[in-house]
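Here is the structure we will look at.
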Amino acid sequence: MKREDYLQWAERAARWGANYLATLRDRPVRAQTVPGEIAAMLPAEPPEEPEDMQTIFADFERIVPDGMTHWQHPRFFAYFSANAAPVSMIAENLTAVMAAQCMLWQTSPAATEIETRMVDWMRQALGLPEGFQGVIQDSATTANVCAMLTMRERALGWRGNDSGMAGEKQLRVYASPETHSSIDKAVRIAGIGQQHLVKVPTDGSWALDPGALRQAIAADKAAGFLPAGVVLCVGGTSIGVSDRVRETIEVARAYDLFVHVDAAWAGSAMICPELRELWEGVEGADSIVFNPHKWLGAQFDCSIQFLADPEPQVRTLGIRPDYLQTLGQSEITNYSEWTIPLGRRFRALKLWFLLRAHGLEDLRRRIRNHIAWAEEAAAGIAALDGFRLTTKCHFSLFTFQYAPDGEDANVATERLLQAINDDGRIYLTQTTHEGQFVIRFQVGQFDCRRDDVLLAVEVLRELAAPLG
Ligand code: PLP
């Protein structure tokens with residue numbers, strides 16, 4: 001395809017996209033394909049000669065949409081939503097066309113300066129104090145790894161980057177068992193080792209117990225370990241619980257440990273002032289991550305890592321070889337020095353479009369609706385024959401089991417989940433909570449309406465009847 005053909009095909013793609021979005025409710029949410037089915041439709045060898053766009057586009061329409069799980073479907077209640085407000089899709093199109101590498105200020109000054117401003121808009125929107133700066137990462141996993149590496153280097157006085165970790169005291173990092181698996185990945189990548197991520201016992205509400213944390217750190221110090229930092233979760237992935245942020249940070253501070261807060265999903269909800277009590281004290285953290293690409297509506301990928309002081313992270317990750325110098329501008333912000341990859345996309349543009357096109361008040365309204373509808377769905381499901389809630393609503397996430405009389409609840413719940421996702425009108429996924437197989441129900445899709453949520457309760461009633 002030539003540059004001159006861009007308009008024709010962009011228009012065709014836009015028309016396809018508009019129709020896709022308008023008819024999403026008629027599709028099954030989860031792909032109804034079997035493994036290998038899509039691959040079998042593709043030639044095994046790459047083409048030697050150019051193919052025309054008509055054929056390529058026709059194959060796209062024939063093969064791809066039915067092989068997709070539709071994340072923008074209003075009845076997507078699985079995992080956490082990865083919302084893409086239509087306005088953020090438009091911004092992503094523009095980003096794709098400019099296709100810039102935004103690694104340094106001078107490689108795309110607008111990208112850097114809009115990023116700085118968007119991070120600050122979000123800081124204000126979340127109620128974080130002035131002084132927090134930040135960077136837009138691709139994902140919370142990357143932010144967690146960056147925070148872990150910074151934690152490690154700060155504890156080692158930046159000797160690890162220089163001479164490695166041999167001969168150093170063994171580092172220890174502390175987190176609740178409710179933190180995301182990307183924290184486990186981060187300790188592995190950082191060379192700290194999985195067994196040195198101490199999963200601290202939780203209290204009766206599955207929040208990390210600050211007293212138990214104090215004991216664990218003291219015991220580790222006495223045993224010759226080097227405690228490096230604490231990772232807190234706000235809105236944990238499995239059942240949505242949050243740690244007691246202020247109290248836990250006080251313990252970490254008493255031992256001069258670095259604190260990183262993972263609020264990848266629930267951070268978006270903090271645009272609602274009435275929810276901020278759930279991370280009360282967060283301003284004491286060194287690093288906080290939240291994903292506007294989850295609940296807020298900025299198309300994937302868009303994850304903001306706030307830093308109380310960027311210097312330790314830039315010192316850990318920044319490298320400025322001669323070929324990356326910006327001549328005469330040594331004090332300029334180069335965001336690639338705040339993160340792992342050198343090359344970076346222009347992610348701030350979609351946030352700029354999103355925040356302006358919706359305004360915070362509209363985004364708050366959606367999140368408040370999601371929480372209210374999740375409460376309503378939880379009550380509706382609890383009232384169905386054979387169903388029981390296993391965890392209450394945390395933000396807009398709750399879990400339940402299907403336990404008809406005389407049946408093993410884990411087996412019956414798994415069977416029901418299969419039936420739900422084969423049916424396709426809604427999409428739900430599972431987790432394990434206290435040894436039980438439970439179904440997670442998360443309300444957070446950008447275009448979800450109350451009747452979508454109520455329909456989900458009806459679907460459960462209908463599908464459970466023949467199983468019970
Ligand atoms: N942290 C939490 C609490 C999450 O829920 C998730 C994903 O759901 C992640 C981290 C990983 O997010 P990402 O896909 O942006 O790496």
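State whether one or more residues within segment 196-206 are under 14 Å from Ser176 (Cβ atoms), among the basic types (Lys, Arg) and outside any loop (DSSP other than H, G, I, E, B).
In the first step, residues of segment 196-206 are kept if they are under 14 Å from Ser176 (Cβ atoms); the result is 197-206.
This time we only want the ones that are among the basic types (Lys, Arg), so: 199.
Of the ones still in play, those that are also outside any loop (DSSP other than H, G, I, E, B) are 199.
For segment 196-206, residues under 14 Å from Ser176 (Cβ atoms), among the basic types (Lys, Arg) and outside any loop (DSSP other than H, G, I, E, B): present.
Output the number of residues of segment 47-88 satisfying the condition of being within 16 Å of the ligand (Cβ to nearest atom) and of a type in the set (A, V, I, L, M).
In the first step, residues of segment 47-88 are kept if they are within 16 Å of the ligand (Cβ to nearest atom); the result is 69, 71, 76-84, 88.
Keeping just the survivors that are of a type in the set (A, V, I, L, M) gives 78, 82, 84.
Result for segment 47-88: 3.
Residues being surrounded by 10 or more Cβ atoms within 10 Å (Cβ to Cβ) and either in contact with a Lys or Arg (Cβ under 7 Å, 6 or more places away or on another chain) or among the charged types (D, E, K, R) (or both): count how many of those fall in segment 1-45.
Residues in segment 1-45 being surrounded by 10 or more Cβ atoms within 10 Å (Cβ to Cβ) and either in contact with a Lys or Arg (Cβ under 7 Å, 6 or more places away or on another chain) or among the charged types (D, E, K, R) (or both): 9 in total.
State whether one or more residues within segment 221-232 are in a helix (DSSP H, G or I) and either away from the ligand (no atom under 11 Å from the Cβ) or in contact (Cβ under 8 Å) with a residue 40 or more places away in the chain (or both).
yes
Write out, first by first residue and then by second, each pair whose Cβ atoms fall under 9 Å of each other, whose residues are 6+ apart or on separate chains, and whose first residue, in segment 236-255, is farther than 23 Å from His394 by Cβ and surrounded by fewer than 20 Cβ atoms within 10 Å (Cβ to Cβ) while the second is among the charged types (D, E, K, R) and at pLDDT 95 or above.
Ala254/Arg214; Tyr255/Arg214; Tyr255/Lys221
Between a first residue in segment 140-154 that is under 17 Å from Arg344 (Cα atoms) and a second residue that is assigned to a helix (DSSP H, G or I) and more than 7 Å from the ligand (Cβ to nearest atom), which pairs have beta carbons less than 7 Å apart while being 6 or more apart in sequence or on different chains?
The qualifying pairs are Thr141/Lys185; Val145/Ala186; Val145/Ile189; Cys146/Gln313; Cys146/Leu317.
Any residue at all in segment 136-148 that is assigned to a helix (DSSP H, G or I) and more than 30 Å from Asp220 (Cβ to Cβ)? Spell out the reasoning first.
Pass one, segment 136-148, residues assigned to a helix (DSSP H, G or I): 140-148.
Those still in the list that are more than 30 Å from Asp220 (Cβ to Cβ) too: none.
No, because not a single residue in segment 136-148 is assigned to a helix (DSSP H, G or I) and more than 30 Å from Asp220 (Cβ to Cβ).
In segment 1-23, which residues are assigned to a helix (DSSP H, G or I), closer than 29 Å to Val459 by Cα and free of Cβ contacts under 8 Å to residues at least 60 places away in the same chain?
Answer for segment 1-23, where residues must be assigned to a helix (DSSP H, G or I), closer than 29 Å to Val459 by Cα and free of Cβ contacts under 8 Å to residues at least 60 places away in the same chain: Ala18, Asn19, Tyr20, Ala22.
Which of the residues that make up segment 249-269 are under 18 Å from Asp209 (Cβ atoms) and away from the ligand (no atom under 16 Å from the Cβ)?
Scanning segment 249-269 gives Ile249, Glu250, Val251, Ala252, Arg253, Ala254, Tyr255, Leu257.
Being of a type in the set (Lys, Arg), surrounded by fewer than 20 Cβ atoms within 10 Å (Cβ to Cβ) and within 19 Å of the chain's Cα centre (by Cα) narrows it down to one residue among Arg62, Arg123, Arg159; which is it?
After ruling out the rest, the residue left standing is Arg123.
Test of understanding: among Glu376, Glu434, which residue is under 27 Å from the mean Cα position of the chain (by Cα) and on the phi > 0 side of the Ramachandran plot?
Glu434
Of all residues in segment 375-414, count the ones that are outside any helix (DSSP H, G or I), among the hydrophobic types (A, V, I, L, M, F, W, C) and surrounded by fewer than 16 Cβ atoms within 10 Å (Cβ to Cβ).
So the count comes out to 1.
Can you name every residue in segment 108-124 that is among the acidic types (Asp, Glu) and within 25 Å of Val97 (Cα to Cα)?
Pass one, segment 108-124, residues among the acidic types (Asp, Glu): 113, 115, 120.
Within segment 108-124, Glu113, Glu115 meet the criteria.
Quick one: Thr202 ticks every box in (1) over 21 Å from Ser287 (Cβ atoms); (2) away from the ligand (no atom under 16 Å from the Cβ) except a single one, so which number is it?
Of (1) over 21 Å from Ser287 (Cβ atoms); (2) away from the ligand (no atom under 16 Å from the Cβ), only one is false for Thr202: (2).
Only one of these is touching a Ser or Thr at 6+ places or on another chain (Cβ under 8 Å) and surrounded by 14 or more Cβ atoms within 10 Å (Cβ to Cβ): Ala207, Ala190. Name it.
Within the list Ala207, Ala190, the selection yields Ala207.
The values are calculated or read from the model by the stated rules, or taken from the named source; none is laboratory data. These numbers come from a predicted model, not from an experiment. So basically every Cβ, Gly included, is an ideal-geometry build from the backbone, and we count neighbours across all protein chains shown.
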